[in-house]
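Trainee: Please find one structure pasted underneath; my questions will follow.
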Amino acid sequence: MLLPYYGPKHPIVVNSKKDTVYYGVQDFSFLSQNGNNITSASLHGRIWVCCFEHLNDKKVSPSQAILMNRVEERTDRDSGLRIITFALDSESSKSLSAYAQMVHAGKRQYFLSSGNEKMSDFAINTFYQPLDSSYKEGFIHFFLIDREGHIRGIYNGLHVKETDQLIDNISMLEAAYYVKQNREEGKKGDDDGGAM
């Protein structure tokens with residue numbers, strides 16, 4: 001089973017021919033708990049999972065943090081996976097680092113902040129409205145992003161069952177890339193063999 005692509009397709013022109021491309025996450029650059037900027041470009045080529053949290057919230061955020069840790073623990077063989085939490089509060093890298101320690105986040109988790117209202121707009125305009133996902137109940141979703149920056153899954157980040165489905169889908173996406181890579185290498189080998 002192939003994972004779907006979420007979001008509206010965009011028209012493009014390539015060599016004077018019209019085509020469409022799948023929706024992708026908008027470019028971004030946000031400060032991490034390590035004091036570094038994490039950008040959309042730095043995540044290109046990696047599968048990543050993200051969510052949006054009010055880190056100071058005591059009702060929803062603890063549950064999301066626990067389930068994000070579950071994602072990290074159950075994908076421990078995939079060292080290339082990144083787990084991103086976009087902080088909807090205005091947070092410094094020091095407070096992001098303290099939060100990461102408090103929730104026992106692993107090495108593959110990054111907590112990002114814009115330091116202003118920009119993050120809420122980013123969440124709404126990049127993830128929620130284009131995907132027709134309601135945020136009236138709060139920003140409760142986990143999103144699965146492929147290596148090219150396309151959104152491939154949306155999950156309720158407060159439900160264990162949906163989080164486990166996300167974990168399964170990460171494995172499926174990794175397997176699809178593995179098969180594609182083997183096919184390309186096999187095809188290349190066939191082409192080289194034919195030239196001899």
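Trainee: So, in the stretch 17-47, how many residues would count as being surrounded by fewer than 18 Cβ atoms within 10 Å (Cβ to Cβ), part of a strand (DSSP E or B) and among the aliphatic types (A, V, I, L, M)?
Mentor: So the answer is 1.
Trainee: Looking at Ala105, Ala65, which is the one that is closer than 23 Å to Leu166 by Cα, assigned to a helix (DSSP H, G or I) and touching a residue at least 40 places away in the same chain (Cβ under 8 Å)?
Mentor: Ala65
Trainee: Let me ask something additional. Considering only residues that are out of contact with any Asp or Glu (no Cβ under 6 Å at 6 or more places or on another chain) and either outside any loop (DSSP other than H, G, I, E, B) or within 17 Å of Glu174 (Cβ to Cβ) (or both), which ones fall in the stretch 6-16?
Mentor: Going residue by residue through the stretch 6-16, those that are out of contact with any Asp or Glu (no Cβ under 6 Å at 6 or more places or on another chain) are 6-11, 13-16.
His10, Pro11, Val13, Val14, listed by residue number.
Trainee: Select from the stretch 122-158 the residues that are more than 17 Å from Glu73 (Cβ to Cβ), touching a helix residue (DSSP H, G or I) at 6+ places or on another chain (Cβ under 9 Å), without any contact (Cβ under 8 Å) to a residue 24 or more places away in the chain and not small (Gly, Ala, Ser) and list them in ascending order.
Mentor: Tyr135, Asn156, listed by residue number.
Trainee: Still on this structure, please answer the following. Quick one: would you say Ser79 is at pLDDT below 90 and not in a strand (DSSP E or B)?
Mentor: Values: at pLDDT below 90: yes; not in a strand (DSSP E or B): yes.
When the stated conditions are applied, Ser79 passes them.
Trainee: Does Ile145 meet the test of being crowded, with 16+ Cβ neighbours inside 10 Å, under 17 Å from Gly80 (Cβ atoms) and in contact with a strand residue (DSSP E or B) (Cβ under 8 Å, 6 or more places away or on another chain)? I'd like the intermediate steps shown before the answer.
Mentor: Numbers: crowded, with 16+ Cβ neighbours inside 10 Å: yes; under 17 Å from Gly80 (Cβ atoms): yes; in contact with a strand residue (DSSP E or B) (Cβ under 8 Å, 6 or more places away or on another chain): yes.
Criteria met by Ile145.
Trainee: Next question. Please verify whether the stretch 115-131 includes one or more residues that are under 20 Å from Lys59 (Cβ atoms), outside any helix (DSSP H, G or I) and either at pLDDT 95 or above or more than 12 Å from the chain's Cα centre (by Cα) (or both). Talk me through it step by step, then tell me what you get.
Mentor: Initially, the stretch 115-131 is screened for residues under 20 Å from Lys59 (Cβ atoms), giving 119-120, 123, 128.
Applying the additional criterion that residues be outside any helix (DSSP H, G or I) yields none.
Looking for residues that are under 20 Å from Lys59 (Cβ atoms), outside any helix (DSSP H, G or I) and either at pLDDT 95 or above or more than 12 Å from the chain's Cα centre (by Cα) (or both), one finds none in the stretch 115-131, hence no.
Trainee: Being exposed (fewer than 13 other Cβ atoms within 10 Å of the Cβ) and either within 13 Å of the chain's Cα centre (by Cα) or of a type in the set (S, T, N, Q) (or both), is that true of even one residue in the stretch 85-92? Lay out the reasoning, then the answer.
Mentor: Initially, the stretch 85-92 is screened for residues exposed (fewer than 13 other Cβ atoms within 10 Å of the Cβ), giving none.
Within the stretch 85-92, not a single residue is exposed (fewer than 13 other Cβ atoms within 10 Å of the Cβ) and either within 13 Å of the chain's Cα centre (by Cα) or of a type in the set (S, T, N, Q) (or both).
The values are calculated or read from the model by the stated rules, or taken from the named source; none is laboratory data. These figures come from a predicted structure and were not determined experimentally. For neighbour counting, all protein chains shown are included, and Cβ atoms are generated from backbone atoms with ideal geometry for every residue, glycine included.
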